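Taking it in order: structure first as structure tokens, then the write-up.
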Amino acid sequence: MSDAPSNTFTPAPLDASKRTWLIASGCAGAVGAGFAAVPFVSSIQPSEKAKAAGAAVEVDISSLKPGDKMTVEWRGKPVWILRRTPEMLATLKKTDAEVADPKSLRTAYPTPEYAQNEWRSIKEEFLVVVGICTHLGCSPVDRLQTGPQPSLPDNWEGGFFCPCHGSTFDMAGRVFKNKPAPDNLEVPPYMYLSDAKMLIGEDKKA
């Protein structure tokens with residue numbers, strides 16, 4: 001029989017105090033893991049910023065002069081607010097016969113009832129539309145001046161031009177006939193809080 005020492009390890013028995021300490025440590029670790037999971041679970045809930053992304057946006061239009069346009073963001077979209085001059089409004093009679101949907105009756109981008117008119121707005125003076133082309137989501141550019149311009153007809157009455165595929169819109173955001181864009185520019189829900197303030201995204205009082 002060999003006298004070589006055995007490789008079998010026999011742990012020494014734990015006394016009661018050590019066993020209690022190990023159990024307590026394990027429980028504390030499990031509880032700690034539970035607490036550590038709380039921030040992660042919270043992180044997958046909608047953040048305040050995400051909630052705010054769909055909220056209505058209050059806009060001060062008091063400094064907007066006739067002929068000026070401003071852009072605000074609502075739900076990640078650019079919303080144009082154009083204060084039209086009497087001359088701009090007068091062009092709408094001229095473009096009535098040239099636009100595809102003069103009364104905004106198409107339903108792909110439903111137009112609120114208060115904007116189903118020639119000027120497509122609550123107040124004639126202020127145009128409020130989403131600045132995204134209804135064709136492929138490109139961003140049209142301002143072509144507010146009248147007259148011949150590159151890529152535009154010689155009798156251009158002012159409006160908006162989408163350089164991506166050539167769609168054109170009049171001073172009410174109405175798309176011209178025979179263009180790639182199938183619909184007028186979208187009118188978002190909105191209302192006036194006062195003569196100087198507008199709320200984009202809600203129209204409860206409209």
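A few comments on the model shown:
- Ascending count of other beta-carbon atoms within 10 Å, so fewest first, for Leu64, Leu136, Leu92: Leu136, Leu64, Leu92
- Segments 122-129, 138-145 sorted - mean Cβ within 10 Å per residue, highest first: 122-129, 138-145
- Measuring between alpha carbons in the structure, the pairs from Lys177/Lys204; Lys94/Lys123; Lys179/Lys204; Lys65/Lys94; Lys77/Lys103 lying more than 29 angstrom apart are Lys177/Lys204; Lys179/Lys204.
- The simple spin-label model puts a point 7 Å past each Cα toward its Cβ; for Arg106 and Glu202 those points are separated by 3.1 nm.
Read-outs throughout are calculated quantities, based only on the coordinates presented, and are distinct from any laboratory measurement. Everything numeric here is computed off the predicted structure, so don't read it as measured data. Glycine gets a Cβ as well: all are built from the backbone with ideal geometry, and neighbour counts include every protein chain shown.
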